[in-house]
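Below is one structure, written out as structure tokens; comments come after it.
The values are calculated or read from the model by the stated rules, or taken from the named source; none is laboratory data. Keep in mind that what you see is a predicted model, and the values were worked out from it rather than measured. Cβ sites come from the backbone with ideal geometry, for glycine too, and all protein chains shown count toward neighbours. Note: accessible area is taken over every heavy atom of the protein model, side chains too, but ligands, DNA and RNA are not part of it. Shrake-Rupley method; radii C 1.70, N 1.55, O 1.52, S 1.80 Å.
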Amino acid sequence: VVPAVAILAQAMLQCLRLCPAAAAALADPAMAVMVPAQSLFVSEPPPHMFGNGENEKKPTWTNGNWLKSRFHFSFAEYRDSKRSSFGVLRVMNDDLVQPARGFGTHPHRNMEIVTYIVSGQLTHKDSMGTEETLGRGSVQFMTAGTGVRHSEFNHDPEKPLRFVQMWLMPNRSGLKPNYGGREPAAPTERDGRWAHLAMPVSSKCSPDKPVPINCDANIYAAEIKPGAALEFQLEAGRQAYVLCVEGSATAGGLGAGKLGRHDAMQVVGPGVISFSDAKPVGSTEIRDPEPGCHLLVVEMSQR
């Protein structure tokens, strides 16, 4: 009797002989998977959950509810075993907060939290005594470690706030809580190039360099003008989660496909991702001007 394992091996070998594409896929683990905006879970929790007053009908509001959050992975009321994480990236929430609203004080533990501000002004206040307000292109980061409490608020009475918050799993638990902020080194640091926003804490970090995080991950952002193009190199053993923050672009090379506002892409290296045909895309949620395409990339080790 031929063992089942041998039968399976013979079948796989025959498949590879008949299907060169399958053989190529096994030889080259590089791949890309699109995450369309319409597949994201949209959460609009009631105001009282985070200590806010009732929703208001004002011309300055761009959404009927105080918060509109797009979840890329399982979070809060959203549960999907197929979208629990991507490498060390456990959470990516794209939040739209209306004027004079925000998240009241709440706790975190054992997580690296990086917040990228897209538009508006975000005020952070925590139990370590830190309070800071940062705007577009800035990064707030926090090592929750053994435990920290903080609040996040949009104090502007007229303009909405949009930010992308990422939770990354730390190298180890029980770290000392820490907070830091980074403003753009220059107004043009993202124009046609990758601005390095966050990097592993073991690397050399300073105020004019990426913020330090306790995991093997890097975060980049770039703005591509119409008619321009940009490439991102992904090395072997690395993977990346790409978010189209604003506008639209065509991805080529390793990650082929169209990316529009709120679309994302999971990419596994090695290979090069190219972005071109950037175009602005209007939105009723945010009325500020936008570039041709605004991209955010979380690059990390494969897991």
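The residues of region 196-210 that are surrounded by fewer than 21 Cβ atoms within 10 Å (Cβ to Cβ), at pLDDT 90 or above and within 23 Å of residue 118 (Cβ to Cβ), listed by number, are 196, 199.
Against the conditions (1) open to solvent by less than 30 Å² (accessible area, probe 1.4 Å); (2) farther than 15 Å from residue 299 by Cβ, residue 155 satisfies every one except (1). All conditions but one from (1) assigned to a strand (DSSP E or B); (2) touching a Gly at 6+ places or on another chain (Cβ under 8 Å) apply to residue 52; the one that does not is (1). From the list 70, 109, 83, the lone residue that is open to solvent by 20 Å² or more (accessible area, probe 1.4 Å), basic (Lys, Arg), farther than 21 Å from residue 161 by Cα and within 17 Å of the chain's Cα centre (by Cα) is 83. Filtering region 56-67 to residues that are surrounded by 16 or more Cβ atoms within 10 Å (Cβ to Cβ) and free of Cβ contacts under 8 Å to residues at least 40 places away in the same chain leaves 65, 66, 67. Of all residues in region 259-276, those being part of a strand (DSSP E or B), farther than 16 Å from residue 118 by Cβ and open to solvent by 10 Å² or more (accessible area, probe 1.4 Å) number 6. Looking at the structure I just gave you, is residue 118 among the β-branched types (Val, Ile, Thr), within 18 Å of residue 300 (Cβ to Cβ) and either touching a residue at least 24 places away in the same chain (Cβ under 8 Å) or part of a strand (DSSP E or B) (or both)? When the stated conditions are applied, residue 118 does not pass them. Per this entry, residue 291 is not counted among residues that are open to solvent by 50 Å² or more (accessible area, probe 1.4 Å) and at pLDDT below 95.
Here is a yes/no grid of residues against (1) within 24 Å of residue 85 (Cα to Cα); (2) out of contact with any helix residue (DSSP H, G or I) (no Cβ under 7 Å at 6 or more places or on another chain); (3) free of Cβ contacts under 8 Å to residues at least 60 places away in the same chain:
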site	(1), (2), (3)
187	no, yes, yes
201	yes, yes, yes
223	no, yes, no
240	yes, yes, no
249	no, yes, yes
254	yes, yes, no
266	yes, yes, no
284	no, yes, no
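Considering only region 131-141, I want to know if a residue exists there that is among the aromatic types (Phe, Trp, Tyr), assigned to a loop (DSSP other than H, G, I, E, B) and under 18 Å from residue 219 (Cβ atoms). The answer is no, given that none of the residues of region 131-141 is among the aromatic types (Phe, Trp, Tyr), assigned to a loop (DSSP other than H, G, I, E, B) and under 18 Å from residue 219 (Cβ atoms). Among the residues of region 130-151, is any open to solvent by 10 Å² or more (accessible area, probe 1.4 Å) and in contact with a Leu (Cβ under 6 Å, 6 or more places away or on another chain)? Looking for residues that are open to solvent by 10 Å² or more (accessible area, probe 1.4 Å) and in contact with a Leu (Cβ under 6 Å, 6 or more places away or on another chain), one finds none in region 130-151, hence no. In region 212-227, of all residues being part of a strand (DSSP E or B) and open to solvent by less than 10 Å² (accessible area, probe 1.4 Å), the one that is farthest from residue 114 (Cα to Cα) corresponds to 224.
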